[in-house]
1. If you scan region 66-84, which residues turn out to be closer than 18 Å to Lys14 by Cβ and in a helix (DSSP H, G or I)?
2. Which numbered condition trips up Glu42, out of (1) of a type in the set (D, E, K, R); (2) in contact with a strand residue (DSSP E or B) (Cβ under 7 Å, 6 or more places away or on another chain); (3) at negative phi?
3. Mind listing whichever residues of region 63-81 are free of Cβ contacts under 8 Å to residues at least 24 places away in the same chain and aliphatic (A, V, I, L, M)?
4. Would you be able to tell me the number of residues in region 1-56 that are part of a loop (DSSP other than H, G, I, E, B) and of a type in the set (Lys, Arg)?
5. Residue check, Asp89 against (1) closer than 10 Å to Val17 by Cβ; (2) open to solvent by less than 90 Å² (accessible area, probe 1.4 Å); (3) among the charged types (D, E, K, R), all met but one. Which one?
Amino acid sequence: MADDADRWAGYLGKAVVLDTRSAYIYIGTLEMADEAWLELVEVDVHDSSEGHSTKEKYVMEARKFGVKSNRKRVSVRREFIVSLSLLEDVVEY
């Protein structure tokens, strides 16, 4: 699975945004990725069904003001992830 490991290499140790099929979004530093799980540290776990902020707006605010972590470590099953991006790649508008 070297190809899969190479795919994640550019994200390891960097702030990432994990968008999921649910209302949850995860913003934190990617520490580990394997065939089933991604593990983030210093993570902001946000439930977009609570409050008035959309996922997109919440991510933009994290990009602009920084990640406000509410978890030290979180593991997310890869099957629930819709997209992964570097926080620095989020375009502010």
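The values are calculated or read from the model by the stated rules, or taken from the named source; none is laboratory data. In this text the structure is predicted, and so the values were computed from the model without any measurement. Positions of Cβ are generated from backbone atoms using ideal geometry, with glycine treated the same way; all protein chains shown enter the neighbour counts. Heavy atoms of the whole protein, side chains included, go into the accessibility calculation; ligands, DNA and RNA do not. Shrake-Rupley method; radii C 1.70, N 1.55, O 1.52, S 1.80 Å.
1. First, pick out the residues of region 66-84 that are closer than 18 Å to Lys14 by Cβ: 66-69, 71-76, 78, 81, 83-84.
Correct list: Arg78 only.
2. (3)
3. Correct list: empty.
4. 2
5. Of (1) closer than 10 Å to Val17 by Cβ; (2) open to solvent by less than 90 Å² (accessible area, probe 1.4 Å); (3) among the charged types (D, E, K, R), only one is false for Asp89: (2).
Every residue, every condition in (1) more than 10 Å from the chain's Cα centre (by Cα); (2) touching a residue at least 24 places away in the same chain (Cβ under 8 Å); (3) open to solvent by 30 Å² or more (accessible area, probe 1.4 Å), yes or no:
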{"site": "Val16", "(1), (2), (3)": "no, yes, no"}
{"site": "Met32", "(1), (2), (3)": "yes, no, yes"}
{"site": "Glu42", "(1), (2), (3)": "yes, yes, yes"}
{"site": "Ser53", "(1), (2), (3)": "yes, no, no"}
{"site": "Tyr58", "(1), (2), (3)": "yes, yes, yes"}
{"site": "Glu61", "(1), (2), (3)": "yes, no, yes"}
{"site": "Ser83", "(1), (2), (3)": "no, yes, yes"}
